[in-house]
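**Q** First, the structure itself, so that you have it in front of you.
The values are calculated or read from the model by the stated rules, or taken from the named source; none is laboratory data. What you see is a predicted model; the values in this text were computed from it and never measured. Backbone-built Cβ (ideal geometry, glycine too); neighbour counts: all protein chains shown.
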Amino acid sequence: MSFWNQFKNWLRGAAAKVFPAIRRFMSGRYGVDQLSLHLLITGIVFYLVSLFTGSYALSLVSTALYIYTGWRMLSRNTAGRAMENSRYMSFFYGTKQKGRQLLLRQKNRKEYKYFRCPKCRAILRLKRGSGTMHVTCGKCKHQFDQKA
Ligand SMILES: [Zn+2]
């Protein structure tokens, strides 16, 4: 038998032993989710920045992130972890959407005047130069006059 085949056989044997062991170890544990992935990426970014700046605090933070992520992955309280993840995801998408709206407003601010509904604080817009308009808020139906 060639060395290569021997090596492949050894690898196959090792995998057959290691993978079920990992599966047994991980059974009933939470595993990876989006929050863990984002924490790991943040940890890597912090680590790289700490390498360039020599910041001890940042490398400490990145280590803490790794430990916390590892703890979440191995946690047996899967319901609690899933709850954290869904809370994080709604926060994440909320922030992303706010950022997108802010960019859009920045882009259109010459064309539109943006203002808030005095009652429910929803963001509304009017085409600039259209004078004073009687506005009905699309969200709470509150009516008011707005100059644009
Ligand atoms: Zn309103």
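**Q** Condition check: part of a loop (DSSP other than H, G, I, E, B), in contact (Cβ under 8 Å) with a residue 24 or more places away in the chain and under 30 Å from R24 (Cβ atoms). Does R72 satisfy that?
**A** In short, no.
**Q** For segment 97-148, which residues satisfy the criterion of being away from the ligand (no atom under 16 Å from the Cβ) and either part of a loop (DSSP other than H, G, I, E, B) or at positive phi (or both)?
**A** R109, K110, E111, R128, G129, S130, G131, A148 - these are the residues of segment 97-148 that are away from the ligand (no atom under 16 Å from the Cβ) and either part of a loop (DSSP other than H, G, I, E, B) or at positive phi (or both).
**Q** Any residue in segment 76-93 that is in contact (Cβ under 8 Å) with a residue 24 or more places away in the chain sitting within a Cβ distance under 8 Å of a residue that is of a type in the set (F, W, Y)? List the pairs, counting only those 6 or more apart or interchain.
**A** Once the first residue is in contact (Cβ under 8 Å) with a residue 24 or more places away in the chain and sits in segment 76-93, its partners that are of a type in the set (F, W, Y) give R76/Y30; N77/Y30; T78/Y30; R81/Y30; A82/Y30.
**Q** So, one more: All but one of (1) under 23 Å from the mean Cα position of the chain (by Cα); (2) exposed (fewer than 14 other Cβ atoms within 10 Å of the Cβ) hold for N85; state the number of the condition that does not hold.
**A** The single condition N85 does not satisfy is (2).
**Q** Right, next: Could we say that G94 is in a helix (DSSP H, G or I), away from the ligand (no atom under 16 Å from the Cβ), surrounded by 16 or more Cβ atoms within 10 Å (Cβ to Cβ) and not hydroxyl-bearing (S, T, Y) here?
**A** No, not satisfied.
**Q** While we're looking at this one, here's another question. Go through L48, L39 for me and flag whichever is surrounded by 10 or more Cβ atoms within 10 Å (Cβ to Cβ), modelled with pLDDT of 95 or more and either out of contact with any Phe, Trp or Tyr (no Cβ under 9 Å at 6 or more places or on another chain) or on the phi > 0 side of the Ramachandran plot (or both).
**A** L48
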